[in-house]
Amino acid sequence: MSDVLKLKYKPLIGQTIPDLESFAESQGEKPFRGRQLFDWIYRQQVDDVSAMTDLSKPFREKLANVPIHPLKMITEDVSVSKQTQKILFELLDGNLLESVLMKEGNRITICLSTQVGCAVDCDFCATAKMGFIKNLTTGEIVDQFLQLQKMSEQKITNVVFMGMGEPFLNYKNSIAAADLLHHSKGINMAAWRITISTAGVVPKIRQFSEEQQPYKLAVSLNGTTQNQRLKTMPITETHSFSNLIKASKDYAYNSRNRITFEYVLMDGINDQPKDAEQLIQLLGSIECKLNMIPYNEIGDVYRRPSDEKIEAFMKSLKRAPFPVTVRWSKGTDIDAGCGQLVTSST
Ligand code: SAH
């Protein structure tokens with residue numbers, strides 16, 4: 001039997017106010033004790049029960065047997081620049097996941113995982129090589145934030161769901177985690193500081209749009225035609241390129257937020273002048289931003305284009321009616337760049 005099944009109680013991190021109210025009641029306490037717990041865990045970010053001084057001593061004694069964290073920090077790698085840290089966590093069932101913390105002046109961005117492994121199978125991504133292992137619980141997603149915040153000297157300003165996994169194939173828990181990050185009585189992070197990225201699960205883009213989720217949406221486009229995208233992203237077979245563009249367009253039309261398209265630039269694959277041309281055609285009428293990610297090599301067949309080629313591609317996009325930025329992945333020396341996250345279970 002796994003440790004997780006042996007646990008009598010669910011870890012407190014990941015629970016909502018109603019969950020914690022019921023938990024308090026199940027322990028013979030008044031529901032407001034649950035709200036106090038919510039405040040300690042998420043707003044004050046205290047994980048030592050003995051410090052939760054407004055709870056009664058008998059309740060604190062009971063809480064001593066209740067796990068708080070669903071994750072255990074195992075190791076931390078720091079990039080040469082000291083600007084990027086990659087953290088390895090162990091789940092209660094022994095699986096492993098990685099998260100990344102990036103500093104850029106006053107901006108501290110963390111990159112959270114939503115699954116162990118991934119089922120989407122993008123040909124250029126290291127996480128895909130693990131296959132799909134499991135969906136993370138809400139608590140396992142939020143605990144990455146809480147533990148990274150504890151180790152960071154500065155306040156985390158931005159959260160991106162761009163670590164291991166496909167958030168839209170773990171939709172419920174990913175949204176519940178974003179809701180906990182955003183909750184005004186808890187962590188209270190502004191919705192526009194939270195970005196959820198998808199490889200293109202079209203029905204979930206539609207759901208996200210219909211539910212008017214306040215979080216920002218990023219779509220990993222990575223190609224400019226059905227056939228070209230299909231070569232590196234097999235998900236294009238199920239959710240066609242044209243449906244992806246259509247759903248993104250509809251989202252952008254219905255949402256207050258600009259949509260971000262990510263585009264991993266791979267040498268000889270999608271970095272030709274006609275691709276730049278096509279991007280302008282495709283995205284020109286969408287309220288969007290295009291984020292180019294020069295490919296991070298993971299020891300497979302794909303290569304990062306030369307700096308000259310990247311520059312030329314950017315130049316061809318100069319006349320695009322939308323902003324175009326380049327994201328030079330941080331921490332590639334510690335394999336913490338986009339698409340480089342991978343773990344193997346102990
Ligand atoms: N599954 C989601 C969330 C992961 S985000 C998604 O695909 O959007 C990870 C981002 O890194 C995606 O935009 C992906 O296209 C990109 N990526 C994957 N492998 C990469 C690599 N080797 N180099 C650079 N970017 C990569």
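Worth pointing out:
- Q272 meets all of the listed conditions (1) away from the ligand (no atom under 16 Å from the Cβ); (2) exposed (fewer than 15 other Cβ atoms within 10 Å of the Cβ) but one, namely (2).
- Identity of the residue in the stretch 81-96, farther than 12 Å from A336 by Cα and hydrophobic (A, V, I, L, M, F, W, C), that ends up farthest from the ligand (Cβ to nearest atom): L92
- If you check F89, F132, F124, F145 for being surrounded by 16 or more Cβ atoms within 10 Å (Cβ to Cβ), at pLDDT 95 or above and either outside the structural domain of S197 (by TED's automatic domain parsing) or farther than 25 Å from I13 by Cβ (or both), only one passes: F124.
- Members of the stretch 298-325 found to be outside any helix (DSSP H, G or I) and exposed (fewer than 15 other Cβ atoms within 10 Å of the Cβ), listed by number: G299, D300, V301, R303, S306, K318, R319, P321, P323, T325
- Of all residues in the stretch 18-32 being under 29 Å from the mean Cα position of the chain (by Cα) and acidic (D, E), the one that is surrounded by the fewest Cβ atoms within 10 Å (Cβ to Cβ): D19
- Each residue in the stretch 225-264 was checked for being within 14 Å of the ligand (Cβ to nearest atom) and assigned to a loop (DSSP other than H, G, I, E, B), and 3 of them qualify.
- G200 vs. criteria in contact (Cβ under 8 Å) with a residue 40 or more places away in the chain, assigned to a loop (DSSP other than H, G, I, E, B), within 12 Å of the ligand (Cβ to nearest atom) and under 18 Å from E140 (Cβ atoms): no
- Within the stretch 161-169, the presence of a residue that is away from the ligand (no atom under 12 Å from the Cβ) and of a type outside the set (A, V, I, L, M, F, W, C) is excluded.
The values are calculated or read from the model by the stated rules, or taken from the named source; none is laboratory data. Keep in mind the model is a prediction, meaning the values are calculated, not measured. Cβ sites come from the backbone with ideal geometry, for glycine too, and all protein chains shown count toward neighbours.
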